[in-house]
Amino acid sequence: MDLLLHSFGNVFHPSVMLVIAMGVAVGITIGALPGLTATMGVALLVPLTFGRPPLESLAMLLGLYCGAMYGGSIAAILVRTPGTPAAAATVLEGYPMAQRGEAGRALAMALFASFTGGLTGALIMTFLSPMISHVALEFSTVEYFALAVFGLSVIVSISGKSIVKGLMTGIFGLLISTIGADPISGYPRFIFGQMDLFEGPPFIPTLIGLFAVSEVIANVQVTQSLQRVRAVVDRYFPSWADIKASLVPIGRGSVLGALIGAIPGAGGDIAAFVSYGETKRTSKHPEKFGTGQVEGLAASECANNACSGGAMIPLLSLGVPGDAVTAVLLGAFVIQGLQPGPLLYKDHIDIVYNVFASMIVANFALLAIGLVGIRLFAKVILVRRAILMPSILVLSVVGAYAMRRDVFDVYFMLGCGVVGYFMQKHEFPLSPILLALILGPMAEANLRRSLVVSGGDFGIILTRPIAVALLVLAVASLAASFYNHRKIARRLAEQAARGEPPPG
């Protein structure tokens, strides 16, 4: 505690507080722009850390990390375009709330959940990092395969009204994920001579195409969507009723996010979908999810922000990045002459606690800057659709091109937009495709590596306790989700019999 209190004294220096605030503000801006991920933002700012003191440099990058994780929710809520991959689950409840004119309410809850989740992740990182890092170190290819299967089990929960359509889109996503180089032999599969697909379908253009471009096409088709939507910003903080309804989802999602983030190779997108699926599964009214439920929004936002603290655990304790952002942060540590890992705790314990304090303070800075900006953010939805939709399309093209500076990605994004439009038109959910694209390659690669090690014996999966526990959780999640869908169908039938309109 003495070290931590001393580190807070260092962080509260005006110059450090200023760079944290700058990092958070830049992070929110980058996160809100489709295609500009937290990884890209941190990578762009790393050169600015040359010659700067370690505390100021790392504090600025950590502030950007926290800000970008929240910033992705702004575009997801207002224009149905996840600013970052981790905000893909936020679309499910956030955008319907904005369509009802509750953009301010959705942004306020997203900010509160992001702050709570980020702060929880930072506190878990501060006090439990050695313990969690030892568990993360036990993960081998078998455990990663089981984790991917557990994540894929959420597809049933996010399938919307039809499990069959949800499973169909999930399988479609898994088939798309097989495009590219074979994970074991490196032989190209299903690329049809197009070397731009050698690394697989570009994820960011796919994400932008399915959610943003498809929405632009739909708005061109529906003339009513050219009318203005009224955005009510009557509060900067969620109401007590909203907080009370979301306390359990936020608590569960924050812990899940930190734990999943601590597993190298996982990330905020996986944590957000898992947290959302668990919240829907345990809800008393799962039939209302997908129509703008504040607890579903809170569950996804707190989980992806808690991942930022969780991902720092293996980086600091083991020298192993927890996600793509911490991989870039690893380079920032090396630039400062620091080597993350066990020796960092031994030789530079003061730096470690400065990181802890910076992460905690960055979340409070996020809350302050977010409260100031909510009214400004919500005004985006007041822009006429005739102006907003072309602007979204331009930003989408820029975001898709910016990742690899390849025109092919722009064409691929447009193609995904057309596919997404027709899927929406026929009520096929889009989220299972994204989840399959994230987890499909992880499941395939780690299963095949496990079989190579075991000589083709599937029994290796049953020899690993963590893997068995994750598979049991996957089966339980599937069973509960199927039960929920039956309950939803029964309630909707009862409402129809009474002449009541369906939710949403």
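The values are calculated or read from the model by the stated rules, or taken from the named source; none is laboratory data. All values reported here derive from a predicted model rather than from experimental measurement. When we count neighbours, we look across all protein chains shown, and the Cβ atoms used for this are built from the backbone with ideal geometry, even at glycine.
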Exercise for review: Mind listing whichever residues of the stretch 412-454 are surrounded by 17 or more Cβ atoms within 10 Å (Cβ to Cβ), over 24 Å from Phe198 (Cα atoms) and among the aromatic types (Phe, Trp, Tyr)?
Suggested key: Tyr421, Phe428
**Study point:** Among residues of the stretch 152-172, those that are more than 18 Å from Val91 (Cα to Cα) and modelled with pLDDT under 90, counted
**Key:** 7
Exercise for review: Scan the helices (runs of 4 or more DSSP H) fully inside the stretch 1-70 and keep the ones with 2 or more residues being over 16 Å from Phe364 (Cβ atoms) and small (Gly, Ala, Ser).
Suggested key: 14-32, 38-45
Exercise for review: Being of a type in the set (Ser, Thr, Tyr), farther than 16 Å from Gly83 by Cβ and touching a helix residue (DSSP H, G or I) at 6+ places or on another chain (Cβ under 7 Å) is the filter here, so list the residues in the stretch 391-427 that pass it.
Suggested key: Tyr401, Tyr421
Practice item. Could you check His348 against (1) modelled with pLDDT of 75 or more; (2) under 27 Å from the mean Cα position of the chain (by Cα) and say which number it fails? Key: (2)
Revision key, fill the gap. Going through the stretch 129-147 in order, the residues found to be out of contact with any Gly (no Cβ under 8 Å at 6 or more places or on another chain), modelled with pLDDT of 80 or more and in a helix (DSSP H, G or I) are Thr141, Val142, Glu143, Phe145, Ala146, Leu147
Review point. Which helices (runs of 4 or more DSSP H) does the stretch 401-504 wholly contain that include 2 or more residues that are at pLDDT 90 or above, aromatic (Phe, Trp, Tyr) and within 26 Å of the chain's Cα centre (by Cα)?
Key: 407-425
Exercise for review: Considering every residue within the stretch 374-385, establish whether at least one is crowded, with 24+ Cβ neighbours inside 10 Å and modelled with pLDDT of 80 or more.
Suggested key: no
Study note, to complete from the structure: Ala75 meets each of (1) at pLDDT 90 or above; (2) of a type outside the set (S, T, N, Q); (3) in contact with a Ser or Thr (Cβ under 6 Å, 6 or more places away or on another chain) with one exception, condition (1)
Review point. For the stretch 198-302, list the helices (runs of 4 or more DSSP H) that sit wholly inside it and hold at least 1 residues that are at pLDDT below 85, touching a helix residue (DSSP H, G or I) at 6+ places or on another chain (Cβ under 6 Å) and of a type in the set (Gly, Ala, Ser); which are they?
Key: 214-221, 240-261, 268-282
Check your understanding: Does at least one position in the stretch 52-68 carry a residue that is surrounded by fewer than 24 Cβ atoms within 10 Å (Cβ to Cβ), polar (S, T, N, Q), over 27 Å from Ala386 (Cβ atoms) and within 14 Å of the chain's Cα centre (by Cα)?
Key -> no
Check your understanding: Has the stretch 76-93 got any residue that is touching a residue at least 12 places away in the same chain (Cβ under 8 Å), among the acidic types (Asp, Glu) and assigned to a helix (DSSP H, G or I)?
Key -> yes
